[in-house]
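Have a look at the structure below, then the notes.
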Amino acid sequence: MGTSNWQNLSYCVDLIRYVSPKSVLDVGVGFGRWGMICREYLDVWEGRVFRSSWNTRIEGIEIYPANIDAYHSCFYNNIHVVDAFEHIQTGVQPGQFDLIILGDVLEHFTKERALILLQSCIQKSRYVLLNIPIGTDWPQGTVYGNEFETHLSAWTTEELDRFPVADKRHFKDYINRDFSTYLFSMTGQ
């Protein structure tokens, strides 16, 4: 099941709390980290402890059905088992989500499709939170039988800095590889 580095978690929580979205789309749900974190820090930390009082709408997109387990429904309002590229283009309306999270997702698309996907997310949401490996030190093929885990593109900060960056920070993983967290917004805030 897809998962990610932990070195940027507190920074991401700070960004999510800063954005304070009422609606979140987690692209590439995998293990469900962002659904859990958003539920905890957008509802529970605001005193809405019990499910009956939660008011943040958290949806997800996952292309690999085997990644979805029963516990995901404890945090997500809905998970769309679809191709993210197609769904963002046709199934997501501008303003439908305050925050779209691309947590280690773009590298699983060809560069051409990833650039279109990122631009579409930025245009359709108030904010986009992107976590992404930087450079070519991240080769990955099929993992646990999931061909969608293959890395199809490599990224530089120079490429990502061309988008409307509201905030960013660069990190090293446990074996000293570079990865970055970006917050994008058309408003630049």
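Seen through its C-alpha gyration tensor, with square-root eigenvalues sorted a ≥ b ≥ c, segment 64-162 comes out oblate because a/c lies at 1.5 or above while a/b is not bigger than b/c.
Only helical DSSP H runs with n ≥ 4 go in: add -39500 (n - 2.57) per run for the chain, normalise by residue count and round the 222 nm mean residue ellipticity to 500 deg cm²/dmol. Computed ellipticity for the chain at 222 nm equals -7000 deg cm²/dmol. Ranked by the mean number of other Cβ atoms within 10 Å of their residues, highest first, the peptides 7-13, 19-25, 172-178, 58-64 come out as 58-64, 19-25, 7-13, 172-178.
By DSSP, what percent of the beta bridges with both residues in the chain are antiparallel, rounded to the nearest 5? So the antiparallel bridges amount to about 45 percent of the total.
Relative to its Kirkwood radius, the Cα radius of gyration of segment 52-105 gives an Rg/Rh of 0.96.
Could you tell me what % of all Cα pairs in segment 5-54 have separations over 14 Å? When every Cα pair of segment 5-54 is considered, 53 percent fall beyond 14 Å. Each of W155, W6 was scored by other Cβ atoms within 10 Å of its Cβ. Arranged with the fewest first, they read W6, W155.
Per-peptide packing, taken as the mean over residues of other Cβ atoms within 10 Å, places 65-76, 99-110 in the sequence 99-110, 65-76 from highest down. From least to most packed, judged by other beta carbons within 10 angstrom and beginning with the fewest, F50, F97 follow the order F50, F97.
Legend: translational diffusion of the chain by Stokes-Einstein, Rh = Kirkwood radius over C-alpha pairs, 4 °C, 1.567 mPa s; D = 78 µm²/s. The fewest-to-most ranking of W45, W34, W54 by surrounding Cβ atoms within 10 Å reads W45, W54, W34.
FYI, it's all coordinate maths here, none of it is from the lab. Treat the numbers as computed from the prediction; the structure is a model and nothing was measured. So basically every Cβ, Gly included, is an ideal-geometry build from the backbone, and we count neighbours across all protein chains shown.
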